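Right, one structure below, let's go through it.
Nothing in this text is a laboratory measurement; each read-out follows from the coordinates by a stated rule. This structure is a prediction, so every number in the text was calculated from the model and none was measured. No Cβ is skipped: glycine too gets one built from the backbone with ideal geometry, and neighbour counts run over all protein chains shown.
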């Protein structure tokens, strides 16, 4: 399918501004660039309440933001959302607008969790932080009107990796029991030799060289990348995972590894929905103002989360 006209216009505009590749930037430049994604978003919608708090991981206090969509009508389902940014960048600000949108569309309390960034804090810092955030939510979200027994984890890009990793770890440790996981163009398998990594190696927001650059800063040894909680595609088995939604975009390097992971879960008996958005590019979930079809991705998330938290089969 042809590249979406708004995505194509965005890529052209970035090139005209001199943007070439994240892999040609310094870490500070990457962080500054990803912070500007808020300029591509619609104005944030109002929710009933936003609470700022923190959780502790490895002796460090890390930020949490809790979005309550409406009036208190009893314990609300919860979505724990990990932001993307290649493990190097991103924060709670860049996902403020999409988190509000998900909360309003689902009626769920949405929690966004910050985590330590590479290269200052390489693996397993982010993975351990994500797990600590999940433990905090299960222990404390009831204080904010959330139901810790009706919990979905979600993430985009690097955040999709973290969401998939904590789902594996929750399965392995027997708790908490998750109702679902939402993986939006997740980074799951560095070694994947799949067509999308070759076909879209250059020219589509995030290049193959960019992915290598990000992961080179997250991992400090080859052995890190063989750990399932680092790259969930390395898991020896994937049975017993919760219902899963995998969203991919057509024109990007990570497309096939996300879809391959989804199919692998399905073969293991997991209830999986895989949806590819033809014409779109990596990062579209954050681009509600610049790429209107971002709304289609959010609608798919809302549909899955609403069905999952209500106990309705997702297929």
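Its relative contact order, with pairs defined as Cα atoms under 8 Å and 6+ residues apart, puts segment 196-315 at 25 percent. Take the Cα of residue 51, step 7 Å toward its Cβ, do the same at residue 32, and the gap between the two points is 3.7 nm. For segment 241-288, the relative contact order is 49 percent, taking Cα pairs closer than 8 Å that sit 6 or more residues apart in sequence and dividing their mean separation by the residue count.
Taking a ≥ b ≥ c as the square roots of the eigenvalues of the Cα gyration tensor, an a/c ratio of 1.5 or more together with a/b no larger than b/c marks segment 242-315 as oblate.
Could you calculate the FRET efficiency of residue 173 with residue 220 from 1/(1 + (r/R0)^6), where r is the beta carbon distance between them and R0 is 25 Å, rounded to 0.05? Present the calculation step by step, with values, prior to reporting the outcome.
On the way: r = 25 Å, r/R0 = 0.99.
So the FRET efficiency works out to roughly 0.50.
Averaged over residues, the count of other Cβ atoms within 10 Å places the peptides 183-189, 283-289 in the sequence 183-189, 283-289, highest first. Over the chain, the hull volume per residue, using the convex hull of the C-alpha atoms, is 119 Å³. Pairs of alpha-carbon atoms within less than 8 angstrom and 6+ residues apart define the contacts here; what relative contact order does segment 33-122 have, in percent? Here the relative contact order equals 35 percent.
Using the Kirkwood radius built from alpha carbon pairs, what does the Stokes-Einstein equation give as D for segment 117-213 at 20 °C and 1.002 mPa s, in µm² per second? Kindly include the intermediate steps, with their values, before the conclusion.
Numbers: Rh = 15.0 Å.
The diffusion coefficient I find is 143 µm²/s.
Sorted from longest to shortest, the spans of the Cα atoms of segment 198-307 along the three principal axes equal 41, 35, 21 Å. Across all C-alpha atoms in segment 41-132, the radius of gyration and Dmax reach 13.7, 43 Å.
Kindly state, as a whole number, the per residue volume in cubic angstrom of the convex hull around the alpha carbon atoms of segment 1-100.
Hull volume normalised by residue count: 166 Å³.
Out of all DSSP beta bridges in the chain, what portion is antiparallel? Express it as a percent rounded to 5. Write out the running numbers ahead of the final one.
Numbers: 13 of 40 bridges.
For the chain, the DSSP antiparallel bridge percentage is about 30.
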